[in-house]
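Student: Pasting a structure here, questions to come.
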Amino acid sequence: MNKEGLGEHYLYPGNIFASEEPYLVTTVLGSCVSVCLWDSRKMVGGINHFMLPLWNGEGLATPKFGNIAITTLYDKMLSFGCRHSDLKAKIFGGGDVLAIKNSILNVGERNVIIAQDTMKKMKINVISSDVRGRRGRKLLFNTHTGTVLLKKLSKQVNDFKP
C-alpha cells in the first residue's frame with residue numbers, strides 16, 4: 001500500500017487486473033494495447049494489457065489476445081455489480097515501435113483497431129485515448145478515480161545502436 005492508502009499492482013503483458021478496492025496499476029506498452037474500464041457510480045476500475053488482436057480459436061484463449069482480454073475485463077466489471085450503462089473506456093498503446101516496414105505485420109495498429117471496434121460494438125463510450133505513434137507509453141491507472149497518468153517513453157527500438 002502506498003502513502004495514499006492505495007494498493008499497487010504491476011500489470012504484465014497478457015494479463016488483466018480489476019478490483020473493487022482502490023489500486024494504482026502500472027503497465028508499460030509498446031505495440032500492446034490497454035483498455036481501461038471504469039464505473040463512475042461504483043468507483044471501480046479494471047485494465048487489460050493485450051499483445052495480439054485476435055485469438056484464432058487454436059490453443060488457449062488467454063487475455064494476451066484483444067478479443068479475449070476485453071470481454072474478460074468487461075465480464076469481471078459486471079461481476080462487481082457494475083452496470084453496462086455506467087462504464088467508460090480509455091484506450092492506450094498500439095505504438096509502431098518495431099523496425100518492421102511491412103504494414104501487414106503492424107500489430108500495434110491492429111491492436112488499436114480491435115480495441116476501438118470492440119468498444120463501438122459493445123456501445124461503451126471511449127472518453128479518452130492515446131494510441132499509435134512511434135513511442136512506447138508507461139501508464140499509471142487509478143482504479144478508484146478512473147484517472148490515467150501517461151508518460152511517453154523517450155526511446156524507441158530504432159534509437160538503440162548495437
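Just so you know, all these numbers are worked out from the coordinates, no wet-lab data involved. Model, not experiment: these values are computed from the prediction. Ideal geometry is used to build each Cβ from the backbone, glycine not excepted, and the neighbour counts take in all protein chains shown.
Student: Report the residue, chosen from Phe80, Phe65, Phe141, that carries the largest GNM mean-square fluctuation when the chain is represented by alpha-carbon nodes joined by springs under 10 Å.
Tutor: Highest fluctuation of the listed residues: Phe80.
Student: Here's a follow-up. What is the extension gain from Thr147 to Ser79, computed as 0.36 nm multiplied by their sequence separation minus the C-alpha to C-alpha distance, in nm to one decimal?
Tutor: Residue separation times 0.36 nm, minus the Cα-Cα distance, leaves 22.3 nm.
Student: Right, something else. Multiply the residue separation of Asn2 and Ile113 by 0.36 nm, subtract the distance between their alpha-carbon atoms, and state the gained length in nm to one decimal.
Tutor: 36.4 nm
Student: Determine, for Val97, Val131, the number of other Cβ atoms within 10 Å of each Cβ, and report the residues in order from fewest to most.
Tutor: Final ranking by Cβ density, sparse to dense: Val131, Val97.
Student: Also, I was wondering about something else. GNM, the chain, Cα, under 10 Å: largest mean-square fluctuation among Gly59, Gly81, Gly108?
Tutor: Checking each option, the largest mean-square fluctuation is seen for Gly59.
Student: Within straight cross-link reach of Lys152, meaning Cα distance under 19 Å, which aspartates and glutamates are found once same-chain residues fewer than 8 apart are removed?
Tutor: Candidates past the 8-residue exclusion: Asp96, Glu109, Asp130.
Student: So how many Å³ per residue does the convex hull of the Cα atoms of the chain work out to?
Tutor: On the way: hull volume 20.5 nm³, N = 162.
Value for the chain: 127 Å³ per residue.
Student: Using a cut-off of under 19 Å, list every residue of the stretch 57-76 whose amide N is near the label point 7 Å from the Cα of Asp86 along the Cα-to-beta-carbon line.
Tutor: Under 19 Å, as judged by backbone N against the label point of Asp86, lie 73-76 of the stretch 57-76.
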